[in-house]
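Readers should treat all values here as calculations from the given coordinates under stated rules, not as data from a laboratory. Computed from a predicted structure; not experimentally measured. Cβ atoms come from the backbone with ideal geometry, glycine included; neighbour counts cover every protein chain shown.
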Amino acid sequence: MRIVILNGPNLNLLGRRQPDIYGYETLADVEERCRRLAGELGVEIEFHQSNAEHAIIDAIHDARETADGLIINPAAFTHTSVAIMDALKTFEGPIVEVHISNVHQREAFRHHSYVSLVATAVLAGFGTNGYLLALRHVAHVLQRDQG
Ligand code: DQA
């Protein structure tokens, strides 16, 4: 069972970028925590980050062939990208959208998400724990549906 975790622009700077909002943990720290949990849950993960919209779209297309579930923090593309939304529409498994911050408490332009229109579930404001909660959920749903 394979779950792909995708991260959008500027998340490579996690830990150094606006730590008052996003915290001090780096993306490598988040990946390590996800890998540890994946081991406990008995699932495989792939973890990616890109600042480029096309690379995220390509990764979603690849996930169509290789993954059973998808977790995505599209970062700023959340609020702008019809193309990422359309790519996600082609993915057949569960999709969880994760935001480290509570986007609904922030500027009005962060309140709308194209990705939420196609996501199975959305987590916002749990800090980096959101990735782990999403991973637990997707693993549970996939293992349940596998019987
Ligand atoms: C974010 C929220 C987005 O609005 C922002 O552009 C990000 C990160 C979050 O994880 O809270 O880059 O997706």
Odd one out for D86 among (1) near the ligand (Cβ under 10 Å from one of its atoms); (2) not in a loop (DSSP other than H, G, I, E, B)
(1)
When only residues in the stretch 29-50 that are touching a helix residue (DSSP H, G or I) at 6+ places or on another chain (Cβ under 7 Å) and not hydrophobic (A, V, I, L, M, F, W, C) count, which is nearest to I5 (Cα to Cα)?
H48
In the stretch 92-111, anything more than 10 Å from the ligand (Cβ to nearest atom) and either among the basic types (K, R) or surrounded by fewer than 20 Cβ atoms within 10 Å (Cβ to Cβ) (or both) is listed as E92, G93, H104, Q105, A108
Hey, among the residues in the stretch 64-81 that are among the hydrophobic types (A, V, I, L, M, F, W, C) and within 16 Å of T120 (Cα to Cα), which one's surrounded by the most Cβ atoms within 10 Å (Cβ to Cβ)?
I71
Kindly indicate whether any position in the stretch 66-78 is out of contact with any helix residue (DSSP H, G or I) (no Cβ under 6 Å at 6 or more places or on another chain) and more than 11 Å from the ligand (Cβ to nearest atom).
yes
